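Let me begin by presenting the structure, written as structure tokens, before commenting on it.
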Amino acid sequence: MTSPITTERVLLALVSIVFALMMLLFGFLFWFALPVFFNTETPVLSLIWQPEQGQYGILSMIAGSGLIGLMALTLAFPVAVGITGFCLFSRYQNIASWIRRMIRLMAGIPTVVYGLAAVFLLVPLLRETFRSCSGFCLLAAAVMVVLLILPVMVMMLDTHCRPLENQIRLASASMGFTDTQTVLYLVLPNSTKAMATAALLGFSRAIGDTILPLMLAGNAPQLTDSVFDSVRTLTAHIGLVLATENGSAAYNSLFAAGLLLLAMSVTVTLLIRKMEHAQFNARRGDAE
Amino acid sequence: MRLKSGFMRLLVCGLCFIPAITQASDLDSFKGLSGTINIAGGTAHIPVMKQAAKAVMKDNSEIRITIAGGGSGVGAQQVAKGLVEIGNTGRPLKPSEAKHGLVSFPFAIDGVAVIINPANPIHALTQQQVADIYAGKITNWQSLGGDDRSINIFTRDEASGTRAVFVKKLLRNSPMVNHANVVPSNGAMKTAIARDPGALGYSSVGYIDNTVKAPALDNVQPTNDACASGEYPIVRKLYMNTKGEPQELVREFIDFIYSPQGAEYIRASGYIPVSNQ
């Protein structure tokens, strides 16, 4: 007995193939990364990366990724909330539509273009202003990553805040709220979950970007306490070490770096899903 | 007059081609051969291999030559497994690699020199000073007789053959400070140094032009001539490796690299040709 080929079956087959491939990807990374983690001769969970001396620690790269992510987020978050808030004011709608267009344009610019511009503008500026550094530093990379994550965060916030503002505009106006008051006391306080989602999304994009840290952060494998020091991120580390001898300890550390990046991004995605779910439930609760 | 100068120009162009035509005889040995050569490995070799492959394939359409990078490790590994006919390495084979019956053909010398910004007044450094800078013991140009500027150290990525020879022959394997900035290529190194008056880095001698300055090391100017004569010691050889003695087409290709025309490609890529012993 042959079963007929239906759309559902075709879709199911496609979905299972994709699912299997993803599982294979995870399995492959685990398979190669686990021995690296348990290798006591050349520990990857150490702070020292000196391949010539047989030291292959990637902890400082994890710190580098985290620092760039957090710094970019700290800089971008207030700006993103500010831009979103500004675009809600009804008297600035003309400018707001231009700002929105501009943000959408920014989202499409390849990051290597930002990187190139920063190498020739921002890096010399930092070098000449603070003469103790070469200009390739944590600050340079974080500032440019802000440009990368800002559009994502603004668009995320805007899609949540605009419908909300439309909903309550008449009611708040009839109660005598000004535009500023509506935005400050009604819209923004009711968007905390969207803000958290936007922050997480921005953070995960910030730690996932490769070319900006590779071009701007200086790539020195060290822990730092100054924003003018050179740091290396996990992504830049993979880019730099990929061409080494296949099977060497340096090459194997890449699997550990890849697994850590994957773990970070899965954690963030799960957190975002959980929040969206909670938000959806809360709204449904309000409606009932 | 105008026409005349145009004619002169043509004449000069024509004269330039005459040696090229006479040199084309190096390609004669490929007559009647056909097949494929796959080449992989060291990235420093690629410009030489590309020019040679282009000339061979243009002359004989029956021959196909593919060139891939991957680094020295990949080159040795793939030729040992028989995946490629020629595996390039920027270092001598390790014993673990040579035991697969690989034969090495050194064909070029590549020097590695310390480079600084042209605006930097320093003209000479000693090997010890460079090692001290990379060890973090000297941090300001003033203590070397230069301006009061901190030294911004640049180094290459871990996969780099340039870095390997620099660390082995100039730093003599002493540890490098971990706050050195890392750049992924010789070109990126040159760009970074050319724009930073306080920078110190190193690159392949073939990459040095007037955007950067190479100070004398222990009173020896790092030029191609000094590298060839052995006066300047921070050099490495570039190798082609085959599994067993090369036969027919592969043999011809290797001989072509050693021919006068091949030597021309090696010089054009910024390296010094060495003869086949």
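The values are calculated or read from the model by the stated rules, or taken from the named source; none is laboratory data. The model shown is predicted, which means the values in this text are computed figures rather than measured ones. In this analysis, Cβ positions are derived from the backbone assuming ideal geometry, glycine residues included, and neighbour counts consider all displayed protein chains. Surface accessibility is based on the protein's heavy atoms, side chains included, excluding ligands, DNA and RNA. Shrake-Rupley method; radii C 1.70, N 1.55, O 1.52, S 1.80 Å.
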For region A:165-205, enumerate the residues that are closer than 19 Å to A:Leu70 by Cβ and either touching a Cys at 6+ places or on another chain (Cβ under 7 Å) or not basic (Lys, Arg) (or both).
A:Met195, A:Ala196, A:Thr197, A:Ala198, A:Ala199, A:Leu200, A:Leu201, A:Gly202, A:Phe203, A:Ser204
Region A:59-87, residues that are in contact with a Leu (Cβ under 7 Å, 6 or more places away or on another chain) and within 14 Å of chain B (Cβ to nearest Cβ):
A:Leu59, A:Ser60, A:Met61, A:Ala63
Scope region A:92-150; condition in contact with a Gly (Cβ under 6 Å, 6 or more places away or on another chain) and farther than 21 Å from B:Ile151 by Cα; matching residues:
A:Ile149
Inside region A:130-218, counting only helices (runs of 4 or more DSSP H) that do not spill past its ends, which hold 2 or more residues that are under 30 Å from B:Ser185 (Cβ atoms) and within 14 Å of another protein chain (Cβ to nearest Cβ)?
A:138-174, A:211-216
Given the criterion at pLDDT 90 or above and touching an Asp or Glu at 6+ places or on another chain (Cβ under 9 Å), identify the matching residue among A:Val231, A:Val154, A:Val145, A:Val113.
A:Val145
Within region B:224-264, restricting attention to residues that are free of Cβ contacts under 8 Å to residues at least 60 places away in the same chain and under 15 Å from the mean Cα position of the chain (by Cα), which residue is most open to solvent (accessible area, probe 1.4 Å)?
B:Asp225
Give the residue, chosen from A:Ile109, A:Ile99, A:Ile95, that is under 19 Å from A:Thr159 (Cα atoms) and open to solvent by less than 70 Å² (accessible area, probe 1.4 Å).
A:Ile99
Looking at region A:250-265, is at least one residue closer than 23 Å to A:Met61 by Cβ, at pLDDT below 85 and either of a type in the set (Phe, Trp, Tyr) or not in a helix (DSSP H, G or I) (or both)?
yes
Collect the residues in region B:189-215 that are part of a loop (DSSP other than H, G, I, E, B) and within 20 Å of the chain's Cα centre (by Cα), keeping them in residue-number order.
B:Ile208, B:Asp209, B:Asn210, B:Thr211, B:Val212, B:Ala214, B:Pro215
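What about A:Glu8, is it away from chain B (no Cβ under 14 Å), of a type in the set (D, E, K, R), open to solvent by 70 Å² or more (accessible area, probe 1.4 Å) and assigned to a helix (DSSP H, G or I)?
yes
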For region A:184-232: of the residues being within 24 Å of A:Phe130 (Cα to Cα) and hydroxyl-bearing (Ser, Thr, Tyr), which is least open to solvent (accessible area, probe 1.4 Å)?
A:Ser230
With the condition kept exactly as written, say whether any residue in region B:262-270 is polar (S, T, N, Q) and part of a loop (DSSP other than H, G, I, E, B).
yes
Taking region A:110-120 as the region of interest, how many residues are away from chain B (no Cβ under 11 Å) and free of Cβ contacts under 8 Å to residues at least 12 places away in the same chain?
3
Tell me yes or no: at least one residue of region A:121-129 is touching a strand residue (DSSP E or B) at 6+ places or on another chain (Cβ under 7 Å) and within 13 Å of another protein chain (Cβ to nearest Cβ).
no
Test for A:Leu240: is it surrounded by 20 or more Cβ atoms within 10 Å (Cβ to Cβ) and either within 14 Å of chain B (Cβ to nearest Cβ) or touching a strand residue (DSSP E or B) at 6+ places or on another chain (Cβ under 8 Å) (or both):
yes
Need at least 1 residues that are touching a helix residue (DSSP H, G or I) at 6+ places or on another chain (Cβ under 9 Å), under 30 Å from B:Pro47 (Cα atoms) and within 11 Å of another protein chain (Cβ to nearest Cβ) per element, so show me which strands (runs of 3 or more DSSP E) inside region B:91-188 make the cut, counting only ones lying wholly within it.
B:152-156, B:181-183
Examine region A:85-92 for a residue that is touching a residue at least 60 places away in the same chain (Cβ under 8 Å) and polar (S, T, N, Q), and state whether such a residue exists.
yes
